[in-house]
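> Handing you this structure, nothing more for now.
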Amino acid sequence: MLYRYVVIDSYKYAVQQGTYIRKWERQFTATLAANIVELNFVDKGPGIKHYNFTLLLNTWDTTSQPYKDGVTQTLDQQRTNLEASYLKVATAVQFLDPFGEAPTLGGVYFTSLNENLPPYSTVEKPYLLMDIELVESKTAF
């Protein structure tokens, strides 16, 4: 199943089409010896997931698909809730990706938030693009 939205801290947000990236990164050290690169993997597991995507914020009309999908908050409410989630320092946030999957390690940390006004946003019909990065990690005890 694939959804047009993500869930962050129990709120749904519409994902801008073509922006969702989930990547795995392994931690390693590299040394060069006699023209041979030696890699020493610190992370011997599946790697750490990084989630990068852009959310399209708008006060969606009740007949729009995002509204029917459950994105019912106003643009201002969405922005305020995202900023509140970002301000949770050293606190994992709840997350469901467009596949409806939660992080396997227990949580994600909100590591980057950028707000962009696209050129098609107007005073009468405002839109806001929120570039998001979340990094998966075990939740702190």
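Laboratory data are not the source of any read-out in this text; all were calculated from the coordinates shown. All values derive from a computational prediction rather than experimental measurement. Every residue, glycine as well, gets a Cβ built from its backbone with ideal geometry; the counts of neighbours run over all protein chains shown.
> Could you work out how much longer the chain between Leu96 and Gln77 gets when fully extended? Use 0.36 nm per residue separation minus the Cα distance between them, nm to one decimal.
4.9 nm
> Now for a different question. Could you give the nm distance between label points at Val37 and Arg22, where each point is 7 Å from its Cα heading toward the beta carbon?
2.7
> If you filter the range 42-141 for trypsin sites (Lys or Arg not before Pro), then keep DSSP loop positions with at most 12 other Cβ within 10 Å, what is left?
Sparse-neighbourhood loop trypsin sites (Lys or Arg not before Pro): Lys44, Lys88.
> Hey, what angle do you get for helix 75-86 against the long axis of the chain, alpha-carbon based, 0 to 90 degrees rounded to 10?
20
> Moving to a separate point now. Would you mind checking Lys12/Lys138; Lys49/Lys125; Lys68/Lys125 for any pair whose Cα atoms are more than 30 angstrom apart?
Lys49/Lys125
> Local charge sum around Leu117 (other residues, Cβ-Cβ under 15 Å, Lys/Arg +1, Asp/Glu -1)?
So the environment of Leu117 carries a net charge of -2.
> Is it possible to state the helix-based mean residue ellipticity at 222 nm for the chain, with each DSSP H run of 4+ residues giving -39500 (n - 2.57), the sum divided by total residues, to the nearest 500 deg cm²/dmol? What is it?
Computed ellipticity for the chain at 222 nm equals -3500 deg cm²/dmol.
> For the chain, what's the relative contact order in percent, using C-alpha pairs closer than 8 Å and at least 6 residues apart?
Normalised by residue count, the contact order of the chain is 28 percent.
> If the elastic network links every pair of Cα atoms under 10 Å, which of Ala102, Ala92, Ala30 fluctuates the most in the Gaussian network model of the chain?
Ala30
> Within 10 Å, Cβ to Cβ, of Leu57, how many net charges do the neighbouring residues add up to if Lys/Arg are +1 and Asp/Glu are -1?
-1
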